[in-house]
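The values are calculated or read from the model by the stated rules, or taken from the named source; none is laboratory data. Computed from a prediction, not measured in an experiment: that's the story for all the values here. Neighbour counts are summed over all protein chains in view; Cβ atoms, including those assigned to glycine, are modelled from backbone coordinates with ideal geometry.
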Amino acid sequence: MSTSDDIKDYDDFDGHYDYIIVLGCGIIDNSIPTDLMVDRLDMAIRLYEDGAADRILLSGDHRVDDYNEVAVMRTYITDRGIPEDVIDCDDLGLSTSETMERAVRLFDIHSAVIVTQKYHLSRAVYLAKHFGIECEGVIATGHTFIAQPYFSAREYAARVKDFFLCLVF
């Protein structure tokens, strides 16, 4: 999907982009981010504090009132010192491809550092570039996940889907 040059560990990243894009990945009881999400948000906070970008786009699912990923994400990072006025929220970031398409169309994002786990990052960067975003990805680290084989299998299916999506759009 994407080249290894586009994917960095935190220690190897030294770029500056307009945005940090954080992809949603689940919440608990409409108030607690999953460990996957915590790793992504913590990395976004580090990158913002280091000057990697001036703004943050939080993207996630908020189709129903009792499930609001972006509100939970926003609370998490503002509670840790990120200013409200640098945060944009995409409440309909239902998939990685939709997030990247909406980042360009609705938020006019042309350059970004993408934050997600390693297994997901090459597809996220590939899709961002497909929609015209100059970008690199930074690997969100922290937790070890027992469900990683499931995440990897799901990612494989998503790659196939998005490959065909990119042929159409």
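Based on what the data block shows, is Ile20 of a type in the set (Val, Ile, Thr) and in a strand (DSSP E or B)? Yes.
Are any residues in the range 65-80 of a type outside the set (Ser, Thr, Tyr) and in contact with an Asp or Glu (Cβ under 7 Å, 6 or more places away or on another chain), and if so, which ones?
Glu69, Val70
Could you run through the range 49-72 and say how many residues are in contact with a Gly (Cβ under 7 Å, 6 or more places away or on another chain), over 21 Å from Glu136 (Cβ atoms) and not β-branched (Val, Ile, Thr)? Total satisfying the criteria: 3. Pairs meeting the criteria (first residue in the range 19-37 and in contact (Cβ under 8 Å) with a residue 12 or more places away in the chain and under 23 Å from Asp50 (Cβ atoms), second residue hydrophobic (A, V, I, L, M, F, W, C) and assigned to a helix (DSSP H, G or I), beta carbons under 6 Å, at least 6 apart or on different chains) are Ile20/Ala44; Ile20/Leu47; Val22/Ala44; Cys25/Leu36; Cys25/Met37; Pro33/Val72. Considering the conditions (1) without any contact (Cβ under 8 Å) to a residue 40 or more places away in the chain; (2) assigned to a loop (DSSP other than H, G, I, E, B), Phe107 is excluded by exactly one of them, (1). Reported count of residues in the range 110-119, each being under 22 Å from Met37 (Cβ atoms) and in a strand (DSSP E or B), is 5. Applying the set (1) closer than 18 Å to Ile56 by Cβ; (2) in a loop (DSSP other than H, G, I, E, B) to Gly132 leaves exactly one unmet item: (1). As a summary of the residue check, Gly93 satisfies the conditions (1) modelled with pLDDT of 95 or more; (2) crowded, with 24+ Cβ neighbours inside 10 Å except for the one numbered (1). Residues in the range 25-74 that are surrounded by fewer than 15 Cβ atoms within 10 Å (Cβ to Cβ), touching a strand residue (DSSP E or B) at 6+ places or on another chain (Cβ under 9 Å) and not charged (D, E, K, R): Asn30 alone.
Go through the residues of the range 118-141 one by one and say whether even a single one is farther than 20 Å from Asp88 by Cα, aliphatic (A, V, I, L, M) and surrounded by fewer than 22 Cβ atoms within 10 Å (Cβ to Cβ). Yes, the conditions are met somewhere in the range 118-141.
With respect to Tyr76, determine if the residue is under 20 Å from Ile7 (Cα atoms) and either of a type in the set (A, V, I, L, M, F, W, C) or in a helix (DSSP H, G or I) (or both). The answer is no for Tyr76. Considered as a group, the residues in the range 129-147 that are at pLDDT 95 or above and among the small types (Gly, Ala, Ser) include one that is farthest from Val113 (Cα to Cα), and that residue is Gly132.
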